[in-house]
1. Where residues in segment 30-86 are in contact with a Phe, Trp or Tyr (Cβ under 6 Å, 6 or more places away or on another chain) and in a helix (DSSP H, G or I), which of them is surrounded by the most Cβ atoms within 10 Å (Cβ to Cβ)?
2. Could you look through segment 128-151, keep only residues that are buried (at least 22 other Cβ atoms within 10 Å of the Cβ) and of a type in the set (A, V, I, L, M, F, W, C), and pick out the one that is farthest from residue 236 (Cα to Cα)?
3. Give just the number: which of (1) at pLDDT 95 or above; (2) in a helix (DSSP H, G or I); (3) over 19 Å from the mean Cα position of the chain (by Cα) does residue 187 not satisfy?
4. With the checklist (1) surrounded by fewer than 14 Cβ atoms within 10 Å (Cβ to Cβ); (2) under 21 Å from the mean Cα position of the chain (by Cα) in hand, flag the one item residue 227 doesn't pass.
5. Which of (1) buried (at least 18 other Cβ atoms within 10 Å of the Cβ); (2) farther than 21 Å from residue 243 by Cα; (3) touching a residue at least 24 places away in the same chain (Cβ under 8 Å); (4) within 23 Å of the chain's Cα centre (by Cα) is the odd one out, the single condition residue 111 does not satisfy?
6. Would you confirm whether any residue within segment 117-138 is over 22 Å from residue 201 (Cβ atoms), outside any helix (DSSP H, G or I), aliphatic (A, V, I, L, M) and more than 22 Å from the chain's Cα centre (by Cα)?
7. Identify, from the list 238, 218, 191, the residue that is buried (at least 21 other Cβ atoms within 10 Å of the Cβ), under 25 Å from residue 137 (Cβ atoms) and not hydrophobic (A, V, I, L, M, F, W, C).
8. Test of understanding: among 153, 69, which residue is among the charged types (D, E, K, R) and either in the same structural domain as residue 244 (by TED's automatic domain parsing) or free of Cβ contacts under 8 Å to residues at least 40 places away in the same chain (or both)?
Amino acid sequence: MGAAGAGSLTGAGTLAGTGSPLVEGQHLHQPITDRLAIDIIDGGWPVGSSLTLEDIQNKFGVSRTVAREAARALESADAVTIRRRVGLVAQSPESWAALNPQVIQWKLHSTQRRQELLSLTELRLAIEPAAAEGTARRAPLDVKAKFPVLAVEMRRHGESGDLNRFHELDIEFHSLLLKSSGNELFAALAHIVATILRGRVEINMYPQRPAPEALDAHDAVADAIWKGDPARARDAMHDIVDEVSCALATDQINADQTDAD
């Protein structure tokens with residue numbers, strides 16, 4: 001296998017290039033699992049080629065038990081197939097479990113991060129406006145009342161530069177919206193959207209301060225939900241996610257121009 005890509009793991013247990021610590025309390029195999037998965041995405045471990053447990057043991061200096069756990073984790077995400085007398089065979093990332101939060105994190109920490117973010121943003125555009133409409137229509141008053149409070153706190157922390165707290169509140173806002181929509185499928189996606197929001201921050205693809213338009217749109221969503229205005233809630237939520245889509249598109253254009261230069 002070649003050198004690890006932009007999102008590979010350092011020996012200290014952080015995602016290289018991000019400074020993000022791995023999940024606290026994770027199993028010993030997780031850094032190895034992450035490294036191998038990102039190597040497949042970045043091409044360091046070519047699709048169709050194989051590694052044995054012994055290869056993994058030698059490469060990372062770990063026990064057979066840890067190597068086996070890494071293999072099982074990769075197999076559970078469809079990143080590899082395991083064949084007797086062959087070992088772990090790398091599978092195309094296109095066939096992986098795309099909505100598995102672990103797969104999302106791997107792709108966001110790989111060289112394919114921009115494309116993954118664009119795909120995830122399209123998913124958000126498809127579900128979050130409808131979820132906002134459902135929340136405005138169906139959520140009980142005590143739940144609706146939480147949104148204006150969250151929006152006010154988001155603005156306060158966003159404008160003051162307390163981005164850690166702002167991002168926590170942002171995740172809480174969007175997760176609550178999906179869980180309160182009255183649609184169990186939307187609710188089931190709450191942890192995925194949380195992974196998306198968290199991942200965008202971890203890979204430094206979030207502005208230093210939230211755009212005023214984004215804060216205004218969160219205010220508008222919160223107000224529409226509180227007042228039971230489904231159409232306005234849908235439109236305002238579309239504005240939030242569309243702002244992300246436009247920012248990513250602009251970033252892609254700038255990157256393409258830089259490459260051309």
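The values are calculated or read from the model by the stated rules, or taken from the named source; none is laboratory data. Bear in mind the structure is a predicted one, so any value in this text is a computation, not a measurement. Glycine gets a Cβ as well: all are built from the backbone with ideal geometry, and neighbour counts include every protein chain shown.
1. Across segment 30-86, the extreme among qualifying residues is 37.
2. 139
3. (3)
4. (2)
5. All conditions pass for residue 111, except number (1).
6. There is no residue in segment 117-138 that is over 22 Å from residue 201 (Cβ atoms), outside any helix (DSSP H, G or I), aliphatic (A, V, I, L, M) and more than 22 Å from the chain's Cα centre (by Cα).
7. Numbers: 238 fails: buried (at least 21 other Cβ atoms within 10 Å of the Cβ); 191 fails: buried (at least 21 other Cβ atoms within 10 Å of the Cβ).
Selected residue: 218, the only one of 238, 218, 191 that is buried (at least 21 other Cβ atoms within 10 Å of the Cβ), under 25 Å from residue 137 (Cβ atoms) and not hydrophobic (A, V, I, L, M, F, W, C).
8. On the way: 69 fails: either in the same structural domain as residue 244 (by TED's automatic domain parsing) or free of Cβ contacts under 8 Å to residues at least 40 places away in the same chain (or both).
After applying the criteria, what remains is 153.
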